[in-house]
Amino acid sequence: MPSDNAPAFSNSYARQAGMTGDLNSDYDRLREELEGLMTEPVKDFARIDQLVDRLELIQLAIKGQHGIKGNNPNE
């Protein structure tokens with residue numbers, strides 16, 4: 001059964017992060033940027049951490065659209 005607050009989390013995150021609203025596209029774009037940063041000889045760890053945090057929120061928002069709340073597969 002979908003959680004009542006799952007869509008609200010997705011919408012709230014998209015507004016808060018200034019994302020396009022297409023979470024899958026946003027995830028792909030940020031993932032590509034992260035992969036590029038990881039190949040650089042000098043790592044920008046602050047930006048890498050920021051991207052990882054944003055990717056996690058997008059992942060949770062995508063899961064929320066499908067009625068899944070959190071990262072626990074047993075929920």
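The values are calculated or read from the model by the stated rules, or taken from the named source; none is laboratory data. Everything numeric here is computed off the predicted structure, so don't read it as measured data. Glycine also receives a Cβ, built like all others from the backbone with ideal geometry; neighbour counts cover every protein chain displayed. Ligands, DNA and RNA are stripped out before the accessible areas are found, and what is left, the full protein with its side chains, is counted by its heavy atoms. Shrake-Rupley method; radii C 1.70, N 1.55, O 1.52, S 1.80 Å.
Annotation for the stretch 54-67: at least one member residue is open to solvent by 60 Å² or more (accessible area, probe 1.4 Å) and touching a Ser or Thr at 6+ places or on another chain (Cβ under 6 Å).
Scanning the stretch 28-51 for residues that are in a helix (DSSP H, G or I) and open to solvent by 70 Å² or more (accessible area, probe 1.4 Å) yields 28, 29, 31, 32, 35, 38, 39, 45, 46, 49, 50. Screening residue 70 against (1) outside any helix (DSSP H, G or I); (2) within 23 Å of residue 25 (Cβ to Cβ) leaves a single unmet condition, (2). Evaluated against (1) assigned to a helix (DSSP H, G or I); (2) at pLDDT 70 or above, residue 16 falls short on exactly one condition, (2).
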